[in-house]
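Each remark here refers to the structure printed beneath this line.
The values are calculated or read from the model by the stated rules, or taken from the named source; none is laboratory data. Just so you know, these numbers come straight off a predicted model, no measurement behind them. Cβ: placed from backbone, ideal geometry, glycine included. Neighbour counts: every protein chain shown.
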Amino acid sequence: MILDSKIPEGPLAEKWTNHKFNVKLVNPANKRKYDVIVVGTGLAGASAAASLAELGYNVKAFCFQDSPRRAHSIAAQGGINAAKNYQNDGDSVYRLFYDTIKGGDYRAREGNVYRLAQVSVNIIDQCVAQGVPFAREYGGLLANRSFGGAQVSRTFYAKGQTGQQLLLGAYSALSRQVANGKVKLYPRTEMMDVVTVDGKARGIVTRNLVTGAIESHSAHAVLLCTGGYGNVFFLSTNAMGSNVTAAWRAHKKGAYFANPSFTQIHPTCIPVSGDHQSKLTLMSESLRNDGRVWVPATKEISEKLRKGQIKVNDIKEEDRDYFLERKYPSFGNLVPRDVASRNAKYVCDEGRGVNETGEAVFLDFRDAIKRDGEDTIKAKYGNLFDMYQQITGDNPYQVPMMIYPAVHYTMGGLWVDYNLMTTIPGLYALGEANFSDHGANRLGASALMQGLADGYFVIPYTIGDYLAQNSNERISPDHPEFKKAEVEVSERIEKLLSIKGEKTVDFFHKKLGKIMWDYCGMARSEEGLTKAKAMIKELKKEFWSNVNVLGGNEELNQSLEKANRVADFLELGELMVDDALSRNESCGGHFREEYQTPEGEALRDDENFAFVSAWKFLGEGQEEELNKEPLEFENVKLTQRSYK
Amino acid sequence: MNLTLKVWRQKNTADQGGFKEYKISGISEDMSFLEMLDVLNEDLSTKGEDPVHFDHDCREGICGMCSLYIDGKPHGPQQTTTCQLHMRSFSDGDVITIEPWRAKAFPVLKDLVVNRSAFDRIIQAGGYVSVNTGGVPDANEIPIPKSIADLAMDAAQCIGCGACVAACKNASAMLFTSAKISQLALLPQGQVERKIRAEKMVAQMDAEGFGACTNTGACEAECPKGISITNIARMNREYFSAVVSSDSV
C-alpha cells in the first residue's frame, strides 16, 4: 500500500487555509444524523468531543477512569507553546514550525507541523475564553516563559499545573455538552476492540469495568484519543492506567503503527529507589536553568558515597565532574532532553553514578543558592523542591537533588494522514496516540499544544470531509461484525482468567519493562535488540501459559484490567524492537550505538532514513510489514544538530 | 518495617462489607502508601486471594483519583494525596486502618473504590463558560489583574478527589462546588452566567444528597491542594445574591 499523507498542494503557509476551503462540509441540519465515538478524554479527546458536539454531531465519549477529568494530560507541568509573539522577541508561526521540525531531528512532516504552529495561537484564545487561569503580568496581560529548544519566550503556563488547567477547561466544555444532551459519557469503560464493516470503522466493543458487561457501540466514525504507550517500560512518568490497548487493537484491525520505537526519555526524574517502585515522577525541565548536573570524578569516590562512607557535601570541587558543562560548553546544562539523558547514562555506566542503586546523577543548586539567595530559588522552584522532599525525604536546599532519566512520552503512534485519519477509513487518532508532529524528539510544552490543536481545530474540519462522503445510515450494534468482535473479546477474557498460572500480571509487566529499558531504551544496538526480541517472545509465551488472573469477569476486577493491557504491551514491545532494529541511524530519542559521531553524538542518515516507518499487522505470529512514507523537506534545510 | 493493616473489604455496592486484617512486612520508608498496598496485593495475588481494590492513576498528586480514608483522615496524616503519602510517616508495628470515602453520594463500588460521578454532574450543571470552539476574542483582549488571576488559580487547583466530602461530618460538597463557582465568579469570562451558575450548581449539589456546611473547616484542613473555605463564603454570597435577584423565581 502506498501511504498517502494527503498533504495539500501549495505553499506551506497556505496549505491549511486551502484545505479548509476544499474539504466537503456536512450541512448543519444533517450533522445531527451522524454519530461519533471518542475514546479517551484527555486534552485531545475532551476537546474533540466538545467541539464536535457543539457542531451538532452526536458524540459518545469513553474513558477508563472514574471521570473524564482524570485523564493523564492533567499531570503535564510546564506549559503550552503558542506563536503569539506577545513578548515581541521575534517569535512567529514560522519560527515555532522551524523549532519543532529541528527539535524533532527532521523526522516529522512539514505540512502537519506548520498547521500545528498556525493553530497554536487559537488554542490560547480558546482556553482564556473558557476561564483557564493562565499566569499573568501585573498589567493584566498573559505571562510567558521559555523552554528547551527555543530562543524565544512562547510558553504559556498556569503555575506548574498547566496540563491540569487546560484539561479542566476542555472538561468543562465537554461537561456543558453532556448537559446539552449532545455527549453521552461512559466513564469506567474500556475499549476492547474497534469494529469495521465493509472496511470502514463503524464502532467499538467495550467492557464496563464495574459490571464486566461486554457491549457494542456503533457510529459513523471513531476517534482514538488514548494517549501514549510509555508504560510498556513499566516504570515511566505515565499514569498507572495509561495503556496501548485501544491503539493496539486498532493496529491489529488494520491501522498502521508509525515509528513505534520513538520514545522520549526525560532527563530530570526522581530516580528509582527500589524494586517496589511503581512509577517515576518528573521534575520540571525548568530546574536545569539553575541546577548544575554532576557526578564524582572517579568510580572510587562514587563507591564510597554509595556505601555511605563519605557525604556528598564533603566532595571537593576538583572531585566533581560537571559533565554536561564540560562536554557542551555553549549549551551546558540546557542541552536538549535526549542529549542530557544519554550523557547521564554514560557516566552511570562508567560506575560514577550516585544513589544506592548507582543509577542517578546530582542536580545541584548550591551555587545558585549562593549566587541568588535561598529566597530567590524558593520563589522559582519552591513547589518542586517540596515535592522532591516529600518523595525522597531529602532537603534539596541542603543536599543536591538526585535525578535520572525516565520514559516520559512516545512520539510514535498510529499512522495518520493530514486529516488525522488512520489507514482504516473512518478511524482517527488524535494527540499522543498518533505519530504525526514531533518527529523523533518532542520539544517541551508541545504535547499540550498538539493535543488541543487536534481536538479543537483540526478534527472539526477534517471529519466533515469524510462524513459528507458517507451515508448517514445508522448501523445496529447487533450487526454480525459487532457480535463477532464481542465473542472474540469474551474469549480472550475467558482465556486470561482460565490460565490460573503461578505468576502475577505485574511480574510479567516488570520483566517486560526491564527488557525494554535495557535494550530498547536510551541506547540501542543490533546485538541487544536481537536479544530483546527473543526474550520478549519467550516472555509472551510464558505469560499466556503461566499468568494468574484472579477473580471473574462480572465484577470490578483490576487484575483482569491489567492483564488485558499487559498482553498488548507484550506484542507492542516486540514491534518497538523491530522498528528500532530496522532504523540503522540515530535520530532524536532513537540512539543506535553503531551510528554515532566520533564524539558520541547521534548520527542521522538522511539519505536512507528520511522516512516514517509504518508497520502493518499481517497476522498472529507473523513478522509485521514495514511501509515507508518518505519525508520531503521543501522549506527547511536538514543539518546536523550540534550543542557544543 | 512491619505493619498491621485493617482494610475495608466489600465485594460490591450491595454487599455489607467489613474489615479484614492483614500483616505485612519488609516495608521500606521510601515507599509511597499505594506502593505499600501494591506489595500487599502482590502477596494476596500470589496466595490466590482477591487483591484489595483501590482507585489510583497518576500517582503524582494531581489526577485526584486516589481516595483512601486512613486512620480516620482522608489521604492519611499528611495534607497530601494518598499517592504522595510516604511510609516514613508511619512507624514499625503500627496498626493502620484503611477505609473508603464514606458519603451517601459516593456509593462504594468495591473495597476502597467509590463512585464520584456526583461531582461530574455538579460541574455539568454549570461549571463552565458557555463558549463554543472558535470565534473567541484574542487572549490579551481580556486583561485580568494579576491578583484576581492568582485567586482564581488558587480555586481552580481543586483536583476533585472528594477528600472534603470525606472529611466533613455532614458529607458536604461545598468546598468542591465553591471552588469552581469562585474561579468563574472572579474572572471576567464568568460574569455572563454568574447568577444562573450559582443557582444551578448549588441545586445539583443538594440533589445529589450532599449535606450542608456548618463551618467546622475540616474540608480545608484535609484538602490536599489547600483550597480555602473563603471560597465557600464567596459561593454563599454568589448564591444569595443570585437568588434574591433571580429572573427564574
Any idea which residue in region B:26-56 is surrounded by the fewest Cβ atoms within 10 Å (Cβ to Cβ), counting only those that are charged (D, E, K, R), touching an Asp or Glu at 6+ places or on another chain (Cβ under 9 Å) and under 20 Å from residue A:70 (Cβ atoms)?
B:38
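Mind listing just one residue for me: the one in region B:101-125 that is in a strand (DSSP E or B) and either touching a Cys at 6+ places or on another chain (Cβ under 6 Å) or of a type in the set (A, V, I, L, M) (or both) and, of those, farthest from residue B:168 (Cα to Cα)?
Looking at the filtered set, the residue picked out is B:109.
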Which ones in region B:9-67 are charged (D, E, K, R), in a helix (DSSP H, G or I) and more than 30 Å from residue A:43 (Cα to Cα)?
B:42, B:43
With a cut-off of at least 3 residues that are among the basic types (Lys, Arg) and surrounded by 15 or more Cβ atoms within 10 Å (Cβ to Cβ), name the helices (runs of 4 or more DSSP H) lying wholly within region A:312-388.
A:337-349
Could you identify the single residue in A:177, A:126 that is assigned to a helix (DSSP H, G or I), more than 7 Å from every other protein chain (Cβ to nearest Cβ) and more than 30 Å from residue A:642 (Cα to Cα)?
A:177
How many residues does region B:133-173 hold that are within 7 Å of another protein chain (Cβ to nearest Cβ), of a type outside the set (S, T, N, Q) and more than 22 Å from residue A:176 (Cα to Cα)?
7
Does at least one position in region B:84-105 carry a residue that is closer than 23 Å to residue A:184 by Cβ, charged (D, E, K, R) and touching an Asp or Glu at 6+ places or on another chain (Cβ under 7 Å)?
no
Take the conditions surrounded by fewer than 20 Cβ atoms within 10 Å (Cβ to Cβ), on the phi < 0 side of the Ramachandran plot, modelled with pLDDT of 95 or more and in a loop (DSSP other than H, G, I, E, B) and apply them to residue A:623. Does it pass?
yes
For residues in region B:101-120 being at the interface with chain A (Cβ under 9 Å from one of its Cβ atoms) and over 16 Å from residue B:53 (Cβ atoms), which is surrounded by the fewest Cβ atoms within 10 Å (Cβ to Cβ)?
B:117
Counting only residues that are within 12 Å of chain B (Cβ to nearest Cβ) and either in contact with a strand residue (DSSP E or B) (Cβ under 6 Å, 6 or more places away or on another chain) or not in a loop (DSSP other than H, G, I, E, B) (or both), region A:255-288 contains a total of 5
Restricting attention to region A:15-55, and to residues there that are more than 24 Å from residue A:611 (Cα to Cα) and among the charged types (D, E, K, R), which single residue is surrounded by the fewest Cβ atoms within 10 Å (Cβ to Cβ)?
A:24
May I ask you to verify whether residue B:130 is within 9 Å of chain A (Cβ to nearest Cβ), more than 27 Å from residue A:85 (Cα to Cα), surrounded by fewer than 24 Cβ atoms within 10 Å (Cβ to Cβ) and out of contact with any helix residue (DSSP H, G or I) (no Cβ under 9 Å at 6 or more places or on another chain)?
no
I need the full set of residues from region B:77-100 which are part of a loop (DSSP other than H, G, I, E, B) and either at the interface with chain A (Cβ under 10 Å from one of its Cβ atoms) or buried (at least 24 other Cβ atoms within 10 Å of the Cβ) (or both), in order please.
B:78, B:80, B:81, B:85, B:100
Would you point out the residue of region A:299-326, among those that are touching a helix residue (DSSP H, G or I) at 6+ places or on another chain (Cβ under 7 Å) and not aromatic (Phe, Trp, Tyr), that is nearest to residue A:401 (Cα to Cα)?
A:312
